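Asks: Could you have a look at this structure, given as structure tokens, before my questions?
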Amino acid sequence: MTAHTADGFLSLENLTVEYPLQSGRKVHAVTDFTARVRRGETLGLVGESGCGKSSAARAVMQLPRPTGGKVTLDGQDLTGLRGKALQQARRRFQMIFQDPIASLNPRMTIRDIVAAPLEIAGIGTKADRHVRVAEMLEMVGINADQAMERRPHEFSGGQCQRISIARALILQPDLLVCDEAVSALDVSVQAQVLNLLERLKTELGLTMLFISHDLAVVKHVSDRVAVMYLGRLCEVADAETIYRNPVHPYTRTLLSAVPEPDPDAPPRQVAVIPGELPSPVNPPSGCPFRTRCPRASEICAQQMPDLAPIAPGQMVACHHPHIDTP
Amino acid sequence: MGDIILDVRNQKTAFVTARGMAQAVDGVSFTLERGRTLGVVGESGSGKSVLSRSIMRLLPSNALVPADSRVILNGRDLTRMTETELRRLRGPEVAIIFQDPMTSLNPVLTIGRQITEVLTFHMGLKRRAARDRAIELLRAVGLPQPDVRVDQYPHQLSGGMRQRVAIAIAIACEPDLLIADEPTTALDVTVQAEILDLLQRMVRDRNMAMILITHDMGVVAGRCDDVAVMYAGRIVEKAPVRDLFHHTRMPYTAALLASIPKITDPPHRKLDAIEGRPPDIINPPPGCPFAPRCLRADAGCDAEKPVLAGTSRHQWACLNPLGEEAPA
């Protein structure tokens, strides 16, 4: 037991992910990212493409290991682990990916795909594993008798994602990282998979890191939501709060741009200075959002704002947060 | 009735596959008036993209279209035209924007060249004049520094900028009809809002008609006048946008609307998923294609394929539509 377990089952401390370029420069994918997730909690991570949310997720998985900072799961520092110890620890954190078909080996049967984690971990006899695979498949809503000997191409995208979930959960991990796990699915199927994830989370007491660009999807599964922009954390708050009262100008921009499926919703002005996301190779000085932020002032160019509490359960990194308009 | 630009009658498009005949579009009829935007919404495999390519007559050689399918644009039947005639008409009368601007633009030509090509071919502009017009068009679609960008290649632009270029090419010859096939699906939400604003403005300012194909009910709600919902190659409901959302008749439309996670919902609300999945279009069920997943289906639905019924304003293809319960 360390001090961190009190406030974070999963804790990310000053996480930094950089990718070297041939030119000798670096892509600053994630910079100084700090967050804590309680046991049994789902933290949603949202942002637009290139904001670093997938890099942050992969850094948690140690795939690859972050350039700097620390990832702690239940008191164990994952960034310090190597070889066998890391493999051993991996049983406790598993991941599902965006493309459900590409993430399953087309040459393997569903039985072998779902049994692979058990085999790698050396758990049980072949017969034991068969029983366990059947249980997992039924749990995710796949008819085990019919599915076991088939291969991924015989299944739809939604079914493949269920199979990926079965594989991820067969080692009974504590932490499940979902990287755009429902983004490739049609809405009717997406709803099935989201309901499944919610049910499994409750039944198995999972802690989840749920990454998505879709703010409505994130709201449905998350207890708390973190918003990223250009590798930095802008705002983190309870799901209810961040949608009802976003205080970071970027969070507001993002929320105002979501098209609502309601013809009577008043047309909203997207409050952003039109323009492009700056390059993560050469991010702006100070706050990364200042080049498109309608509230930016001189200090924003000089100093990166610290992430600071602004209300109960809400933290923001902004020199000019929207505190005046509730 | 306004000025009808497009009249699609009983469009059927099938593909010969190794497993058999896939009926991707199965008898679609509708008209579209000048100045209006029709949203075509459906899940993957519902036939919405094949429909757009059928209208454009941009179908692969293994596509089968029966002789009684008609696409009438400005009073002329596209199904009776030769490829040369069609080429002259694509651009000045109808243009299309695709989902992925990286693959729809030619990677080895400058964007200026790709716009001037259209202008010299269709409008007979000389090189200098075409270049000036290209810069003007790029400015009109909100591309920053159009005089610099005109000499750049697609890979030097972001996804949002590429889609602006694709729009510039599409509107270069001032078409009467613009087909936008998932134009913002590959883009981030803030960029999506900008591109949809741009399309809406172009349609209004130039008095065009637009078919906006999307899987996103949010985009439909905010950007279209009328909506056609597609399922298994057929239009299953068509109405003005407000009627479709507030007086939904087809159970599939209702189920689709209910399954969408809404940003106004409280966290962790259980979603009303539609069980099962869309039918295999190679072996469709004999009756209503939605019947196997429909909570209102009865024996009649499995036996008979319902046709679009209702009024000219609001149509649905259902034997047990919503909103017709016997008064208690």
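The values are calculated or read from the model by the stated rules, or taken from the named source; none is laboratory data. Fair warning: this is a prediction, and the values are worked out from it, not measured in the lab. All Cβ positions, even for glycine, are placed from backbone atoms using ideal geometry, and neighbour counts span all protein chains on display. Note: accessible area is taken over every heavy atom of the protein model, side chains too, but ligands, DNA and RNA are not part of it. Shrake-Rupley method; radii C 1.70, N 1.55, O 1.52, S 1.80 Å.
Asks: Among the numbered criteria (1) within 14 Å of another protein chain (Cβ to nearest Cβ); (2) buried (at least 21 other Cβ atoms within 10 Å of the Cβ); (3) under 22 Å from the mean Cα position of the chain (by Cα), which one does A:Val316 miss?
Replies: (1)
This table checks each residue for (1) buried (at least 22 other Cβ atoms within 10 Å of the Cβ); (2) in contact (Cβ under 8 Å) with a residue 40 or more places away in the chain; (3) touching a Pro at 6+ places or on another chain (Cβ under 6 Å).
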site	(1), (2), (3)
B:Gln163	yes, yes, yes
B:Ala180	yes, yes, no
B:Val191	yes, no, no
B:Asp205	no, no, no
B:His215	no, yes, no
B:Cys224	yes, yes, no
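Asks: Among the candidates A:Ala257, A:Ala166, single out the residue that is of a type in the set (A, V, I, L, M) and under 30 Å from A:Ala296 (Cβ atoms).
Replies: A:Ala257
Asks: Inside segment A:1-97, counting only strands (runs of 3 or more DSSP E) that do not spill past its ends, which hold 3 or more residues that are at pLDDT 95 or above, open to solvent by 10 Å² or more (accessible area, probe 1.4 Å) and within 14 Å of another protein chain (Cβ to nearest Cβ)?
Replies: No strands (runs of 3 or more DSSP E) qualify here.
Asks: Condition test on B:Arg9, is it surrounded by fewer than 21 Cβ atoms within 10 Å (Cβ to Cβ) and not in a strand (DSSP E or B)?
Replies: So B:Arg9 fails the test.
Asks: Determine which single condition B:Val229 fails, assuming it passes every other condition in (1) open to solvent by 10 Å² or more (accessible area, probe 1.4 Å); (2) part of a strand (DSSP E or B).
Replies: It is condition (1) that B:Val229 fails.
Asks: Which is more than 30 Å from A:Val27 (Cα to Cα), touching a residue at least 60 places away in the same chain (Cβ under 8 Å) and touching a helix residue (DSSP H, G or I) at 6+ places or on another chain (Cβ under 7 Å), of A:Asp262, A:Asp238, A:Asp223?
Replies: A:Asp223
Asks: Looking only at residues that are open to solvent by 10 Å² or more (accessible area, probe 1.4 Å) and under 15 Å from A:Arg111 (Cβ atoms) in segment A:149-190, which one is nearest to the other protein chains (Cβ to nearest Cβ)?
Replies: Applying the filter and picking the extreme gives A:Gln159.
Asks: Keeping to segment B:241-300, report how many residues are assigned to a loop (DSSP other than H, G, I, E, B), of a type in the set (A, V, I, L, M) and at the interface with chain A (Cβ under 8 Å from one of its Cβ atoms).
Replies: The qualifying residues number 5.
Asks: Ok, one more. Can you tell me which residues in segment A:98-119 are farther than 21 Å from A:Ala181 by Cβ, in contact (Cβ under 8 Å) with a residue 24 or more places away in the chain and open to solvent by 70 Å² or more (accessible area, probe 1.4 Å)?
Replies: Selection gives A:Arg107 alone.
Asks: Taking the conditions exactly as written (modelled with pLDDT under 95 and crowded, with 19+ Cβ neighbours inside 10 Å), does B:Ile260 satisfy them or not?
Replies: It is true that B:Ile260 is modelled with pLDDT under 95 and crowded, with 19+ Cβ neighbours inside 10 Å.
Asks: Let me ask another. Restricted to segment A:149-190, and to residues that are acidic (Asp, Glu) and not in a helix (DSSP H, G or I), which residue is nearest to A:Glu135 (Cα to Cα)?
Replies: A:Glu149
Asks: Out of all the residues in segment B:93-101, is one or more in a helix (DSSP H, G or I) and either within 14 Å of another protein chain (Cβ to nearest Cβ) or in contact with a Leu (Cβ under 8 Å, 6 or more places away or on another chain) (or both)?
Replies: no
Asks: If we scan segment A:138-147, do we find a residue that is surrounded by fewer than 18 Cβ atoms within 10 Å (Cβ to Cβ) and within 19 Å of A:Asn105 (Cα to Cα)?
Replies: Yes: segment A:138-147 contains one or more residues that are surrounded by fewer than 18 Cβ atoms within 10 Å (Cβ to Cβ) and within 19 Å of A:Asn105 (Cα to Cα).
Asks: Continuing with this model, one more query. Go through (1) open to solvent by less than 30 Å² (accessible area, probe 1.4 Å); (2) within 27 Å of B:Thr185 (Cβ to Cβ) for B:Gly20 and report which single condition fails.
Replies: The failed condition is (2).
Asks: Where residues in segment B:53-111 are among the acidic types (Asp, Glu) and more than 19 Å from the chain's Cα centre (by Cα), which of them is nearest to B:Phe121 (Cα to Cα)?
Replies: Among residues in segment B:53-111 that are among the acidic types (Asp, Glu) and more than 19 Å from the chain's Cα centre (by Cα), the one nearest to B:Phe121 (Cα to Cα) is B:Glu85.
Asks: Quick one: which residue in B:Glu304, B:Glu324, B:Glu237, B:Glu275 is buried (at least 19 other Cβ atoms within 10 Å of the Cβ) and either more than 25 Å from the chain's Cα centre (by Cα) or in contact (Cβ under 8 Å) with a residue 60 or more places away in the chain (or both)?
Replies: B:Glu237
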